[in-house]
Amino acid sequence: PSLRPEMRYRPDLEKFTFQMLQMYQSLIPPEEEERKRRQFLSHLDQLVAREWPGARLFLFGSCANAFGVCNSDIDVCLSINDDQLSKADLVLKMAAILRSDNMQNVQALTHARVPIVKFTESTTGISCDICVNNMLAVVNSKLLHDYSQIDVRLRQLAFLVKHWAKRRQVNETYRGTLSSYAYVLMCIHFLQQRKPAILPCLQDMRPTYRVTVGNIECAYYDQIETLQSFGANNKETLGELLTSFFEYWAFRHDYTRAVISVRTGGYLSKDEKEWTRRIGNERHLICIEDPLEVAHDLGRVVDRHSIRVLRDEFHRAAKILRHDLNPCTTLFEPF
Ligand code: GTP
Ligand code: MG
């Protein structure tokens, strides 16, 4: 009776939700993968401890934020106090250590915006990226993880959106489309906006967790156990949420003026962020505020061409979810 307008198109919503839940289940990494990953990390820990007794390794990205599907790469941050060596030097040294340990395809990308070393472990085939002193990524991974523990619909929605983005080739920042991190923030923001809300705004609550990284204060409420029934008054199913998510990005988002902001739990204007003009390569054609580095727009990679590609894909998805008789297959068809 109280179906939202976009849902009237789908008489078979229950079946669709059931199929989407099955797809979500199939994307969850098996326990075996988790075990291999732990072994791999404890080996890396030993390698690092031998060279730098004071250093520590932190997991971040999809292995740490609960949004990792099967066979994700592992993102690791080396945290180290070394005044002598630059990040690029540390990356080069790490690469040498990995090569002498027989890791495969070791590549040091010292000129990237974030210098990293990439490699593969030969026995397990696990691929890993290591960066240096990038603690903000570790903290934003914890923030995403904490959100994922409040309502299971976030993890379900984000898995399907990430899966869709990879299949449709709109998860490629080097080609001007969005990162997985940006898609998860879009999902969190979307669930903060539902009426009644499915997610709270953790950065708008009394902080129980505080760290300072460089000159950035990160503070938010992280006692997630107390928020287990937060979204209980909202009964929307995965099928409804996925449909409304794409409707939002296809037809409702104000690309000209609005900035989505997980930090404030709402919208900001491009005016107040001073994101109205192109500066350098940053055009701000779709604006997603980083919850910790607030000067940072995760849509900065999007250009004149890729904004078209993205918006066409949002339209395509929304149309399929309205009219297609077999949306589960069509939606995720490889590009
Ligand atoms: P998949 O590898 O695609 O499964 O997803 P992922 O969660 O690992 O995401 P991604 O590779 O996009 O990013 C890895 C991590 O790097 C994210 O979880 C963030 O912590 C961090 N990160 C990625 N992009 C940015 C960015 O533009 N700014 C900041 N501050 N952190 C970022
Ligand atoms: Mg990753």
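The values are calculated or read from the model by the stated rules, or taken from the named source; none is laboratory data. Note that the coordinates shown come from a computational prediction; the quantities given were computed from them, not determined experimentally. Cβ placement follows ideal geometry from the backbone for every residue including glycine, while neighbour counts extend to all protein chains displayed. Surface areas here come from the heavy atoms of the whole protein model, side chains and all, with no ligands, DNA or RNA. Shrake-Rupley method; radii C 1.70, N 1.55, O 1.52, S 1.80 Å.
Along Cα→Cβ, 7 Å out, is where each label goes; now give me the distance between the ones at LEU92 and GLU31 in nm to one decimal.
4.6 nm
At 222 nm, what value in deg cm²/dmol follows for the chain if DSSP H runs of at least 4 each add -39500 (n - 2.57) and the sum is divided by all its residues, to the nearest 500?
Computed ellipticity for the chain at 222 nm equals -12500 deg cm²/dmol.
Suppose the chain between ASP312 and CYS328 were pulled fully straight at 0.36 nm per residue; how much longer would it get relative to their current alpha carbon spacing?
My answer for the length gained is 3.9 nm.
Compare THR330, THR123 by solvent-accessible area with a 1.4 Å probe and give them largest first, with all protein chains kept in place.
THR123, THR330
Is the shape of segment 162-249 best called rounded, prolate or oblate, per the rule: a/c under 1.5 gives rounded, else a/b larger than b/c gives prolate, else oblate, with a ≥ b ≥ c the square roots of the Cα gyration tensor eigenvalues? Walk me through the intermediate numbers first.
Numbers: a/c = 2.87, a/b = 1.17, b/c = 2.45.
Verdict is oblate for segment 162-249.
Might you tell me the accessible area per residue for segment 182-335, computed with a 1.4 Å probe and given in Å²?
47 Å²
Once you've got the GNM for the chain with C-alpha springs shorter than 10 Å, pick whichever of CYS201, CYS70, CYS128 has the biggest mean-square fluctuation.
CYS70
Running a GNM on the chain with Cα contacts under 10 Å, which residue among VAL309, VAL69, VAL161 ends up with the highest mean-square fluctuation?
Looking only at VAL309, VAL69, VAL161, the biggest GNM fluctuation is shown by VAL309.
Pop out the carbon and sulfur fraction of the accessible area of the chain as a percent, whole number, probe 1.4 Å.
48 percent
Can you list the HN-Hα couplings for segment 223-237, worked out from phi with the Karplus curve (6.51, -1.76, 1.60; θ = phi - 60°), rounded to whole Hz and with x for Gly and Pro?
8, 5, 3, 7, 10, 4, 9, 3, x, 4, 6, 9, 9, 4, 8
Quick check: from the Cα gyration tensor, does segment 214-272 come out rounded (a/c under 1.5), prolate or oblate?
On the way: a/c = 2.99, a/b = 1.02, b/c = 2.93.
Note, shape of segment 214-272 comes out oblate.
Just how much of ASP83 is accessible, in Å², when a 1.4 Å probe is used and the result is rounded to the nearest 10?
Probe radius 1.4 Å; accessible area of ASP83 about 150 Å².
Cα gyration tensor of segment 130-283, axes a ≥ b ≥ c as square roots of the eigenvalues: rounded (a/c below 1.5), prolate (a/b > b/c) or oblate?
It is rounded, given that a/c, with a ≥ b ≥ c, falls under 1.5.
Between LYS15, LYS319, LYS273, which gets the highest mean-square fluctuation from a Gaussian network model of the chain, Cα cutoff 10 Å?
Fluctuation is largest for LYS15.
Compute the normalised compactness of segment 31-136: alpha-carbon radius of gyration over 2.2 N^0.38 Å, N being the residue count. Walk me through the numbers before you get to the answer.
On the way: Rg = 13.1 Å, N = 106, 2.2 N^0.38 = 12.9 Å.
Taking the Cα Rg and dividing by 2.2 N^0.38 Å, one obtains 1.01.
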